[in-house]
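Below is one structure, written out as structure tokens; the observations come after it.
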Amino acid sequence: MEQLRRGDSDQITRDYFDSLLLEMRHIDSEKPDTSFSLFGETFATPIMTAALSHLNGVCEAGAVQMAQGAKMAGAVNWTGMGDEKELEEITATGAKTIKIIKPYEDNGMILDRIAHARECGVLAVGMDVDHAFDRSGEYDVVMGWRMRPKTADEIRSFVEAAGIPFIVKGILSVKDAYKCLMAGVSGIVVSHHHGIMDYALPPLKILPHIVKAVGGKIPVFVDCGILGGTDAFKALALGADGVCAGRALMEPLRTEGGNGVAKALLGMNDELRGVMARTGCRGLSHMDSAVVWQMPVSSPCTRSYNEL
């Protein structure tokens, strides 16, 4: 039996997802619509690919095939670390893509990558600010590139330089959400970057507080632990505008490429629609957090959670 590690943020997040239960509401219900609008574009689903990197290790041209799958499913495609040629091939698929850039120490490199992404015609660009430090508190080094934390003023400068929507990924506090809002970002991703820190809050635990803080001024997305349509529903009901799925798409990508990704996204959206139908939510603008209840749970990785 696999040994669970205390403080494992991914397991804590999974336990929190599974502690959230749903009311059923059938009277006066309607067939649900999952259509989703973002930055002037309309998509079939609010379930998007995560900003993944290094997918060539999963299958040949993995990032490009991920984009092809997202396009087939009518979903937003996010992409992470990769060279210019890869991004050009991704956007050539026609997938509406959000490019996430690392917080490189060299701001000139960041500005160059923002400019290239804009030239490629991406839907939006952004940064995963939570990749600045390693676990020992030193500046992180990723694929040989040195990282550095960014100030609110630096983020504002990236927003101004982008000329297209700029999104910050790795927000897990109301304080950082406010700073993003003040810096003029166009959206935030609530995420602990696949357990980058032990004992990190589950994104859905902090999500309602962040949604309240931004007050509908910018979209709020959720990353980390979305494994199916029911998980997506819970995040959307608690205030997210969209969700990103990553690990759930890895095996379909490996075995069937873009077709597998499309099938997985469509299947997740079908599950989402089924839950919406049984909870009286006829559209994404009619989600109601009151359908979500929390069952007390004691995680093997930490103490019992407080009530939602």
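In segment 224-245, of all residues being assigned to a loop (DSSP other than H, G, I, E, B) and modelled with pLDDT of 95 or more, the one that is most open to solvent (accessible area, probe 1.4 Å) corresponds to L227.
Taking only segment 69-101 into account, find how many residues are basic (K, R), open to solvent by 20 Å² or more (accessible area, probe 1.4 Å) and not in a helix (DSSP H, G or I). Give the steps one after another, and end with the answer.
Of the residues in segment 69-101, the ones basic (K, R) are 71, 85, 96, 99.
Those still in the list that are open to solvent by 20 Å² or more (accessible area, probe 1.4 Å) too: 71, 85, 96.
The next check asks that each one be not in a helix (DSSP H, G or I); those that pass are 96.
Count: 1.
If the condition is being open to solvent by 50 Å² or more (accessible area, probe 1.4 Å), out of contact with any Asp or Glu (no Cβ under 7 Å at 6 or more places or on another chain) and part of a loop (DSSP other than H, G, I, E, B), then segment 153-197 contributes G163, M197. Within the set S29, S9, S35, S53, the sole residue that is touching a strand residue (DSSP E or B) at 6+ places or on another chain (Cβ under 7 Å), in contact (Cβ under 8 Å) with a residue 24 or more places away in the chain and among the polar types (S, T, N, Q) turns out to be S35. Within segment 221-237, can one find any residue that is touching a strand residue (DSSP E or B) at 6+ places or on another chain (Cβ under 7 Å), without any contact (Cβ under 8 Å) to a residue 60 or more places away in the chain and β-branched (V, I, T)? Among the residues of segment 221-237, at least one is touching a strand residue (DSSP E or B) at 6+ places or on another chain (Cβ under 7 Å), without any contact (Cβ under 8 Å) to a residue 60 or more places away in the chain and β-branched (V, I, T), which makes the answer yes.
May I ask you to say which residue of R135, R146 is of a type outside the set (D, E), open to solvent by 20 Å² or more (accessible area, probe 1.4 Å) and part of a strand (DSSP E or B)?
Numbers: R135 fails: part of a strand (DSSP E or B).
Answer to the check: R146.
Within segment 261-281, take every residue that is among the basic types (K, R) and within 13 Å of F233 (Cβ to Cβ) and give me the one that is farthest from the chain's Cα centre (by Cα). Filtering first and then ranking leaves R278.
Criterion applied to M66, M24 was being open to solvent by 80 Å² or more (accessible area, probe 1.4 Å) and not charged (D, E, K, R), and the one residue passing it is M24.
Among the residues making up segment 235-276, those that are under 25 Å from K169 (Cβ atoms) and of a type in the set (V, I, T) are V243, V261.
Might you let me know whether segment 149-162 holds any residue that is on the phi > 0 side of the Ramachandran plot and more than 21 Å from the chain's Cα centre (by Cα)? Spell out how you get there, then give the answer.
Within segment 149-162, the first condition is being on the phi > 0 side of the Ramachandran plot, and the residues that meet it are none.
No, there is no match, as no residue in segment 149-162 is on the phi > 0 side of the Ramachandran plot and more than 21 Å from the chain's Cα centre (by Cα).
As for segment 125-141, it holds at least one residue that is touching a Leu at 6+ places or on another chain (Cβ under 8 Å) and closer than 27 Å to I210 by Cα. No other residue among A44, A61 is open to solvent by 20 Å² or more (accessible area, probe 1.4 Å), at positive phi and of a type in the set (A, V, I, L, M) apart from A61.
The values are calculated or read from the model by the stated rules, or taken from the named source; none is laboratory data. Computed from a predicted structure; not experimentally measured. Cβ sites come from the backbone with ideal geometry, for glycine too, and all protein chains shown count toward neighbours. In case anyone asks, the SASA skips ligands and DNA or RNA and just uses the protein heavy atoms, side chains included. Shrake-Rupley method; radii C 1.70, N 1.55, O 1.52, S 1.80 Å.
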